[in-house]
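So the structure is just underneath, and the comments pick up after that.
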Amino acid sequence: SYILSEDKQNEAAIELLNDAIDHDPDNAEFKYYLGTFYEDSEHFNRAEDYIKQAIESDPDNPRYYFRLGVVYDKWNKKEASIATMRKVVELDPKHANALNYLGYTYADLGTNLDEAEQLVKEALKYKPNDGYITDSLGWVYYKKGEFEKALQYLQKAVEIVPDDPIMLEHLGDVYLKLDDKTSALKYYQKAFQLK
């Protein structure tokens, strides 16, 4: 089913997993993956349902909660996403991706910026060369109005991950705030070419 999903045959992948669940209804992993396939298809209510079923079978698995938090975020249920990511961190305080997700979400919403900074810095302890986490810290500083500091981290993030349109856009945003319109335009154009 995973191979089918990677081959963009999501309906076939879902059908195969449903058959597997019929034969093994207590298998949490089958339900988890079925939830992720529904997430890919943007059927968020079904994704939520199956991932919650996986959680019922294995209530201390931070991976299941993390995925559920991502589903809520994509579904634009920010409060549910934040609460679920907090549960991940409660289960695994060193879960760098959940720490980063929380910090970035707060930064994006423009709230709890001091906590966002702490969360992302904590994530960087566990994944110090992660471009996405580095970008998050730059974005926190951008939202705090600390543009020179933001620039350092956003430049580093783009060096690590040079082809992410959101990171390129962030770099363009900070250059614009620093009144370097030539550089801002350059990074906006790169972002636009990618997406």
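Since every read-out is calculated from the coordinates, none of them should be taken as a lab result. Not measured: the values here are computed from a predicted model. For neighbour counting, all protein chains shown are included, and Cβ atoms are generated from backbone atoms with ideal geometry for every residue, glycine included.
Summary table below
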item	result
Förster radius 41 Å - calculated FRET efficiency between PHE192 and ASN112, Cβ distance, rounded to 0.05	0.85
Rel. contact order, % - alpha carbon contacts under 8 angstrom, at least six apart, the range 69-185	16
Residues LEU185 and ILE160, FRET efficiency given R0 of 25 Å [Cβ-Cβ distance, rounded to 0.05]	0.65
Assigned charges on the beta-carbon of Lys, Arg, Asp, Glu; the chain dipole about Cα centre (debye)	900
The range 112-169 - Rg over Rh from alpha carbon coordinates, Kirkwood radius	0.95
Per-bin percent of Cα-Cα distances, the chain [5 Å]	1, 8, 14, 15, 16, 15, 13, 9, 5, 3, 1, 0, 0
Low-density loop positions, chymotrypsin sites (Phe, Trp or Tyr not before Pro), the range 1-95 - DSSP coil, at most 16 other Cβ in 10 Å	TRP75
Trypsin sites (Lys or Arg not before Pro) restricted to the range 1-54 and DSSP loop, no more than 12 other C-beta within 10 Å	LYS8
Listed residues PRO62, HIS170, HIS95: farthest to the positive end of the dipole of the chain (Cβ charges)	HIS170
Where labels lie 7 Å past Cα in the beta-carbon direction, separation of GLU148 and SER57 in nm	5.5
Calculated diffusion of the range 1-96, Stokes-Einstein form, Kirkwood radius summed over Cα pairs, 10 °C and 1.306 mPa s, µm²/s	118
Extension gain, ASN76 back to TYR126 (0.36 nm per residue minus Cα-Cα distance, nm)	15.2 nm
